[in-house]
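The structure under discussion appears below in the form of structure tokens.
What follows is calculated from the coordinates using simple rules that are stated; it is not laboratory data. These numbers were taken from a predicted model, which means no experiment stands behind them. Cβ coordinates were reconstructed from backbone atoms using ideal geometry, including for glycine residues, and neighbour counts include every protein chain displayed.
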Amino acid sequence: MTTSGDANMNFLDAAYKILSQAKQPLHYTEITLRALKVGILDTKGQTPDASMGSRLYVDTKRPNSRFRRVSRGVFTLAEAASSDISQRIATINRQTRNTLRKRLMEMPPERFEGLIAELLLALGFEEDTIEITPFGNDGGVDVRGVLNAAGISEINAAVQAKRWKHNVQAPVVQALRGSLVVHEQGIIITTSEFSKGAETEAQASGKVRISLIDGEKLLDLLIEHRIGVTAEQHTVYSLDEEWWGDVAEETDALVVTAKQIPRPKVNYPILITATAHGQTFEAELLDERGHVKFNGTLYRSPILVLSRS
């Protein structure tokens, strides 16, 4: 059964849908048959299977192809080969992210402000301008510094770090704005989220805009700049199924069965001779089954001729 969005697909999109449903490699003729059966392939050609095979083969040569050739005429989805490894990597990264979030909430307040200063340095703040204000007496500002914007301009910034579990509300944004000096921008970083009111207040027209970095963005930045985390790289080897598929096809081509060997045409009868008991005997071989004619008598085998002579 198809929906209106499934109808009139091109060859590659139809192949992707069929292979996604099949969850296994398929020959391009089978892919075409299934796509036509469910009515998702838009084609008026007389040989849609040949077109499907050609499109898939050409597409697999592209570096970002959605498909991978398993063997001659057989294709699968590119991500299918690495999905298991990708899932394991995603699980490890998710666990690391959760642990990092927990560690942020457990670290001492002054160490958290130090981590924010380290992040600002990674973001482009000039090291000699970063200043952590005295803890507990900052008037809403935790860190001050100068951001070098690609060497073009310098931005004075005041940063407030909120290690909260509940959402940051609009009054926090208003308080930081009130603590800014002339030509200073404000940034609020939190381990939680911002309320809609806080987001609206931060972008209020006619007022100094306040940049907001919530918990998820904070984790992204820490991971991106390797602050509190390390990145490990491992080489994973997998079989090149396309290469092995070609080898199997070459091997199969060398194996010729008896039925495939062309038999020369033989004109019967054929004169045959044999020597036994010091005598030479002549007979006629009548067919490939071994029937023999000797002295006008028919025998089923040359051996019978010798045994009775």
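How large is the charge dipole for the stretch 11-80, taken about the Cα centre, if only the Cβ atoms of Lys, Arg (+1) and Asp, Glu (-1) carry charge, to the nearest 20 debye?
Charge dipole, the stretch 11-80, about its Cα centre: 140 debye, nearest 20.
Counting only C-alpha contacts under 8 Å and six or more residues apart, can you give the relative contact order of the stretch 11-80 as a whole percent?
So the answer I get is 38 percent.
Which distance in nm do the two modelled labels at Ala78 and Thr47 give, with both placed 7 Å along the Cα-to-Cβ direction?
2.8 nm
Tell me, what is the FRET efficiency for Ile89 and Val182 to the nearest 0.05, using R0 = 41 angstrom and their Cβ-Cβ distance as r?
Using R0 = 41 Å, I get an efficiency of 0.25.
With a point put 7 Å past each Cα toward its Cβ, work out how far Gln24 is from Arg97 in nm, to one decimal.
Here the answer is 3.4 nm between the modelled labels.
Applying 1/(1 + (r/R0)^6) with R0 = 51 Å to the Cβ-Cβ distance of Tyr268 and Arg62, what FRET efficiency is obtained, to the nearest 0.05?
0.25
Can you figure out the FRET efficiency of Gln203 with Ile227, using R₀ = 25 Å and their beta-carbon distance, to the nearest 0.05?
0.35
For Glu201, what charge total do you get from the other residues with a beta carbon under 11 Å from its beta carbon, if Lys and Arg give +1 and Asp and Glu give -1?
Surrounding charge for Glu201 is +3.
Between Ala276 and Met107, what is the label-to-label distance in nm when each label sits 7 Å out along the Cα-to-Cβ direction?
10.2 nm
So which lysines can Lys102 reach, going by Cα to Cα under 28 Å and dropping same-chain residues fewer than 8 places off?
In chain and number order, the partners are Lys162, Lys165, Lys196, Lys217.
Through the Karplus equation 6.51 cos²θ - 1.76 cosθ + 1.60, θ set to phi - 60°, convert the phi angles of the stretch 53-64 into ³J(HN,Hα) values in whole Hz; use x for Gly and Pro.
x, 5, 5, 5, 4, 5, 5, 5, 7, 7, x, 10
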